[in-house]
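The values are calculated or read from the model by the stated rules, or taken from the named source; none is laboratory data. Keep in mind that this is a model prediction, so the values were computed, not measured. Glycine also receives a Cβ, built like all others from the backbone with ideal geometry; neighbour counts cover every protein chain displayed.
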Amino acid sequence: MNPSRRWLLGAAATVGVLAGAGVALRRFQPTDVQDPTLQALWGMTLTTPQGQTLALQTLQGRPLLLNFWATWCPPCVEELPLLDAFYRQHASKGWQVLGLAVDKPSAVQAFLARQPLGFPVAMAGMEGVALSQSLGNGPGGLPFTVVMGAQGRVLDRKIGRVSPDDLQRWLELK
């Protein structure tokens, strides 16, 4: 194959890869959240793994990390100690963390018996995927974290495992 043809094929392949990456990035970008979605979220009452109820409206007025996770999701389980440390360090400064388990109560109960968390956990069940999608998680992937400001608005979102850099950046959004 002559060098010109090789260059042309290489350029075409590069354009194809970049176009595919662009489509994938756009597909996996969190989408905007409309006000009715937020009103519905704050009006929800969920059940904890222990069977108690948790009205989300009780969490309004302070910044909140809303984390969708599951016991069967390795990146979810890996980030929980980081979220727990964040909660323990920043709760006195007004920050809240709520884990929404997209899972079965028995699996979450067993997990929490092995690895207790300082922040509350509520059961979202498989409906949690639709809830996360309504909050901007288009593909419905886990883990998914939504950063809510004290005014109850979405300040940021992340699909995938949370990093210490994410948490540091979110502290400044408050």
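Could you tell me whether Phe144 is touching a residue at least 40 places away in the same chain (Cβ under 8 Å), in contact with a strand residue (DSSP E or B) (Cβ under 7 Å, 6 or more places away or on another chain) and assigned by TED's automatic domain parsing to the domain that holds Leu83? Spell out the reasoning first.
On the way: touching a residue at least 40 places away in the same chain (Cβ under 8 Å): yes; in contact with a strand residue (DSSP E or B) (Cβ under 7 Å, 6 or more places away or on another chain): yes; assigned by TED's automatic domain parsing to the domain that holds Leu83: yes.
Yes: the conditions hold for Phe144.
Residue count for segment 40-77, restricted to those that are under 24 Å from Val154 (Cβ atoms) and part of a helix (DSSP H, G or I): 9. Within segment 114-133, being assigned to a loop (DSSP other than H, G, I, E, B) and either polar (S, T, N, Q) or on the phi > 0 side of the Ramachandran plot (or both) holds for Gln115, Gly125. Scan segment 96-113 for residues that are assigned to a strand (DSSP E or B) and either more than 13 Å from Leu65 (Cα to Cα) or without any contact (Cβ under 8 Å) to a residue 12 or more places away in the chain (or both) and the total you get is 1.
In segment 114-140, how many residues are closer than 14 Å to Val77 by Cα and surrounded by fewer than 22 Cβ atoms within 10 Å (Cβ to Cβ)? If you could, list the steps in order and put the result at the bottom.
At the first step, the residues of segment 114-140 found to be closer than 14 Å to Val77 by Cα are 114-117, 121.
Checking the rest, the ones that are also surrounded by fewer than 22 Cβ atoms within 10 Å (Cβ to Cβ) come to 114-117.
Residues meeting the conditions: 4.
Mind checking whether some residue in segment 143-162 is assigned to a helix (DSSP H, G or I) and modelled with pLDDT under 95?
Here is the first cut: in segment 143-162, the ones assigned to a helix (DSSP H, G or I) are none.
No - not one qualifying residue is present in segment 143-162.
On the given criteria, is Asp165 surrounded by fewer than 19 Cβ atoms within 10 Å (Cβ to Cβ), touching a residue at least 12 places away in the same chain (Cβ under 8 Å) and among the charged types (D, E, K, R)? So Asp165 fails the test. Can we say Gly136 is assigned to a loop (DSSP other than H, G, I, E, B) and at pLDDT below 95? Yes, satisfied. Of all residue pairs spaced 6 or more apart or on separate chains, those with beta-carbon atoms under 9 Å, a first member in segment 119-130 that is assigned by TED's automatic domain parsing to the domain that holds Gly51 and a second member that is acidic (Asp, Glu) and not in a loop (DSSP other than H, G, I, E, B) are Phe119/Asp84.
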